[in-house]
Each structure stands twice: as structure tokens, then as C-alpha cells.
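S.K.: Right, I'll just put the structure down here and ask away after.
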Amino acid sequence: MVALLIFIIGPLSVLRTPTDIFPNIDIPVLSIVWSFNGFSAEDMAHRVTSPVERALTTDVDNIEHIESQSLNGVAVIKVFFHPGADINRAIAEAAANSSSLAAQFAARHPAAAHPFLQRVHRAHSAARPDEQDPARTRAVRLRQ
């Protein structure tokens with residue numbers, strides 16, 4: 001009797017359960033890409049990634065956690081913020097932080113005298129890739 005009831009009610013409840021293929025997930029994330037030609041992955045980790053992470057944690061508000069990856073000549077730093085954080089303010093703080101760090105890198109590292117590229121990406125929602133805002137990109141050329 002109970003098995004028959006479950007057999008009948010089960011499919012009805014599955015059909016009536018609302019589903020959303022692309023749920024709206026609001027995770028504010030900021031990606032920063034640093035590029036220095038000629039730096040090894042270890043150099044990128046020690047000379048770029050670590051100082052940038054330390055500076056971000058002290059200068060940018062509402063950071064939940066930071067993930068980074070250092071490759072030959074490239075460092076990718078993802079900054080995850082608490083839900084509801086003002087991403088525009090975070091972008092402004094990170095850009096100001098990166099500008100001051102770029103000047104310090106140029107003074108300290110001879111390889112930094114070469115041009116480099118810095119990109120800042122933002123995402124308001126991870127719902128659908130085709131609905132996300134276009135990435136904000138900023139390129140800075142250092143003086144040689």
C-alpha cells in the first residue's frame with residue numbers, strides 16, 4: 001500500500017518541483033593578470049604574486065579569500081569577495097593598489113623595465129556566461 005502511494009506521488013512531485021537550469025549565483029570575483037616576459041614561474045610567485053596578495057589583503061575591503069597561480073611570465077590572482085560586496089569599489093581599490101605596485105616593480109626588478117599587461121576582470125553573477133559583463137581591461141606600459 002505504501003509502495004503504491006510512493007509510486008504514484010513520486011512522479012507527480014518530480015513534475016511539480018520547480019527547476020532552474022541556470023540559477024542566479026552572485027559571487028563577486030575579481031581576476032587580476034600580471035605579465036612579465038622573462039620571469040620564471042618561481043620568480044613570478046616570489047617577486048609578483050606574493051607581494052600583490054599581501055598588498056591586496058591590506059588595501060582592499062571585504063575579501064573572503066584569494067587564489068593565485070604563477071606560470072612562466074604570468075601570474076593570475078583571483079580575489080573572492082563576501083556576498084553583497086561593492087565590486088566597483090573593490091575594482092577601484094585593486095586598480096589603485098596595482099598602479100602603486102607597478103611603479104615599485106619597475107624600480108626593483110630590471111626585467112620589469114619591459115612592458116607588461118595587467119587585466120582586471122569582474123563578474124557579478126555566475127549564472128550564464130553569455131549574460132556576464134564584458135571584462136574591464138587596463139594596460140600599463142612602464143618607462144624603460
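S.K.: Tell me, what are the semi-axes, in whole angstrom and largest first, of the equivalent ellipsoid of the stretch 1-59 as set by the roots of 5 times the Cα gyration tensor eigenvalues?
M.R.: Sorted largest first and rounded, they come to 55, 14, 12 Å.
S.K.: Along its principal axes, what span do the Cα atoms of the stretch 11-96 show, with the longest given first and each in whole Å?
M.R.: 62, 27, 15
S.K.: Sort 44, 1 so the one with the fewest other Cβ atoms within 10 Å of its own Cβ comes first.
M.R.: On the way: 44 23, 1 5.
The most exposed by this proxy come first: 1, 44.
Coordinate-derived values only; no laboratory data. None of the values given here were measured: they were computed from a predicted structure. Reconstructed Cβ throughout: ideal geometry from the backbone, glycine too, with neighbour counts over all protein chains shown.
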